[in-house]
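Here is the structure we will look at, set down as C-alpha cells.
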Amino acid sequence: MFLTQPLAAAVRERFGTPCYVYDRASLEAAARQALAFPNAFGFTLRYAMKANPNHAILKLFHALGLHIDASSDHEVERALRAGFEPGKIQLTSQAPSKNLKAHIERGVLYNACSLTQLENFGKLFPGRELSVRINPGLGSGSTNRTNVGGPGSSFGIWHEHLENVRALAARHGVKVTRMHSHIGSGTDPVVWKRVARMSLGIAGQLPDVRVLNLGGGFKIARVPADKATDLLDVGEHVRQEFTDFKQRTGRALHLEIEPGTALVANAGCIVASVIDVVDTGKDGYLFAKLDTGMNEVTRPSLYGAQHPIDVLATDERGSAKVVFVGPCCESGDILTPAPGDPEALAPRDVPRPHIGDLVVLGGAGAYCAAMSTINYNSYPQAPEVMHDPDGTLRLVRKRQTFEQVLANETSE
Ligand SMILES: *Cc1c(COP(=O)(O)O)cnc(C)c1O
C-alpha cells in the first residue's frame, strides 16, 4: 500500500476523514502496463471511465495517450471537459443516447448496444460508420451482478441476431466497421480468452469490421487471496488469435481493450478513523465502527467484495478478530463480509482497534467514489486527493458541504 502512517496522518490533518487518496505513480504504472498489451495489427487502450471519472485521473490518462469508454451521455460530456478529443471517446451505453446527433456531429464514436440503438443511429446518420456491441453468448464476472454476457444479460445485441444487424445496417446504408464485446468485471481469464475467439468468429460474419474491441474485466488482486489476470499472457493469446484470423480471412483487425478496474483499483484507498468499538459478548463479535462505509465503498455490501483494511497502530498492542462496519443505520453497512456473501460476517485479524485510530481501506480506486450511496443518512460526499510522485497531496474534489446535500430541495 502506498499510504504510510505519516502520510495517512497528513491526509486526516488536512482533509479530514473519510477521504479518498489516489496515487499518481500507481495510476501511471497501471496505464503503462496496459499500454504494453501484446497485439498483432495495432492497439488502442480505452479507459472505462465509469470506474473512476475524477477529472484528475482523466487528465492523467489523456496525457498518457489513452482513449475513453463512456457509459452515458454525461460521461461523454465529462471526458470532453477533461480535454479528450471527441474521436478518442466511444459511447457504449445501456440507455439510448438523448444527445446522439450532437455527439456524432462532434466526432464522438458510437457503439450501438441494441437493435433500437442501431436503428436510431441509422435514421440520423445514413452512410456513416459505427460499432455494434455483441453479447457473444457467454459471460463471466466475479459475481452474477458483474456478469454482463450470456443469456441472462441485457447488455449488447444477442449473437444470434446478426441477420437483423446486417439488415438494419443495409436499410440505412450504415457500415458496421467496429465490433465490441464486454462480458463482465472480474472475468475468469480462461473465459476471457475463449470469448476473444468467439468474438473473432462473430467478426468473421461482419465483413466490414476492421476494429475488434474485447472490453475490460481483467481481474486484479486487492487482497492476498485474489489472483490477478496476467495481461501479457492473455495478450499473447489474443495476438496469436488475431494472427490466425488474418491467415484464415485476409483481414488484419485492430485490437482495442477497455479496462476500468485494472487501471485504477489498486491506485486508490480510503483514509478513515475508528469512531467506536463495541462487542456482542463472548459468543458474539468485536466490531470496529469506522467513519467510512457503504457511502464511500458500496462493493462489500453489494457483492461481498473484499478490500484490505489496515489499522495503523503506532503503539505495541495485541491483535484481535474484528468485524469492520460503517457509520450508517443499516445492517448492510459492513466492510468485512464473507467473500461473495454480503450477508455473512468475516472478522479480520488486525491490531486491536482503539477509538481515534487511523484505518486505511485499500483497492478503492475503482467503483468506490464512482459507485456509492452518497448522502445516505445525510453524510456529505467524501473528498478526493491525489498523491503526486513528489509527495504532495493535492485536493481534486472537495468534501461536499452540508448545504450542498440540501441544495436541490425546494422551499415548497
Ligand atoms: C464496465 C465496463 C468496462 C470495464 O470493466 P472493468 O471490469 O472495470 O475492467 C469495459 N467496458 C464496458 C462496456 C463496461 O461497461
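The values are calculated or read from the model by the stated rules, or taken from the named source; none is laboratory data. The structure presented is a predicted model; accordingly, all values stated were derived computationally and were not measured. Counting neighbours? That spans all protein chains shown, and the Cβs are built from the backbone with ideal geometry, glycine included. When the accessible area is computed, the model is the full protein with side chains, heavy atoms only, and any ligands, DNA or RNA have been set aside. Shrake-Rupley method; radii C 1.70, N 1.55, O 1.52, S 1.80 Å.
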Quiz item: Modelled label-to-label distance, residue 98 and residue 74, 7 Å Cα→beta-carbon offset: nm?
Solution: 1.0 nm
Quiz item: With each pseudo-label sitting 7 Å past Cα toward Cβ, what's the residue 123-residue 410 distance in nm, one decimal?
Solution: 3.1 nm
Quiz item: Share of antiparallel DSSP beta bridges in the chain, in percent to the nearest 5?
Solution: 45 percent
Quiz item: Expressed as a whole percent, how much of the Cα-Cα distance distribution for the chain exceeds 41 Å?
Solution: 20 percent
Self-check item: Solvent-accessible area, 1.4 Å probe, carbon plus sulfur percent, for the stretch 266-406
Solution: 52 percent
Practice problem: Skip the ligands, DNA and RNA, and give the accessible area per residue of the stretch 122-269 with a 1.4 Å probe, whole Å². | Solution: 43 Å²
Exercise. Tell me which residues come under 5 Å, amide H to amide H, from residue 177 once H is placed; ignore anything under 5 positions away on its chain.
Key: 130
Quiz item: For the stretch 24-264, what D do you get in µm² per second when you plug the Kirkwood radius from alpha-carbon pairs into Stokes-Einstein at 4 °C and 1.567 mPa s?
Solution: 72 µm²/s
Exercise. Quick one: pull the percent of accessible area on the stretch 24-264 belonging to carbon and sulfur, 1.4 Å probe, ligands and nucleic acids left out.
Key: 50 percent
Self-check item: Compactness relative to 2.2 N^0.38 Å, alpha carbon Rg of the stretch 253-362
Solution: 1.19
Quiz item: Along the stretch 304-309, what does the Karplus equation 6.51 cos²θ - 1.76 cosθ + 1.60 (θ = phi - 60°) give for ³J(HN,Hα), rounded to whole Hz, x for Gly and Pro?
Solution: x, 5, 9, 10, x, 10
Quiz item: In whole Å, how far is the Cα centre of the stretch 64-99 from that of the stretch 280-352?
Solution: 36 Å
Quiz prompt | Exposure rank, largest accessible area first [246, 123; 1.4 Å] | solution = 123, 246
Quiz item: With a ≥ b ≥ c the root eigenvalues of the C-alpha gyration tensor of the stretch 1-94, is it rounded (a/c under 1.5), prolate (a/b larger than b/c) or oblate?
Solution: oblate
Quiz item: What spacing in nm lies between the two simple spin-label points modelled at residue 63 and residue 116, each 7 Å away from Cα in the Cβ direction?
Solution: 4.2 nm
Quiz item: What angle do you read, to the nearest 10 degrees and between 0 and 90, between the alpha-carbon axis of helix 5-15 and the longest principal axis of the chain?
Solution: 80 degrees
Quiz prompt | Calculated FRET efficiency for the pair residue 338/residue 277, C-beta based, R₀ 30 Å, to 0.05 | solution = 0.90
Practice problem: Give the residues of the stretch 101-123 whose amide nitrogen is closer than 19 Å to a point set 7 Å from the Cα of residue 163 in the direction of its Cβ. | Solution: 115-116, 119
Quiz item: If you count, for each residue, the other Cβ atoms within 10 Å and average over each peptide, how do 310-316, 184-190 line up from highest to lowest?
Solution: 184-190, 310-316
Self-check item: Helix 162-172 vs. the chain, principal-axis angle (Cα, 0 to 90°, nearest 10)
Solution: 70 degrees
Exercise. Starting from the amide H of residue 395, placed 1.01 Å from N in the peptide plane, find each other amide H under 5 Å away whose residue is 5 or more places distant or on another chain.
Key: 386
Quiz prompt | Interchain or long-range residues, amide H under 5 Å from residue 228's placed H | solution = 221
Self-check item: Cβ crowding within 10 Å averaged over residues, with 22-29, 280-287 ranked highest first
Solution: 22-29, 280-287
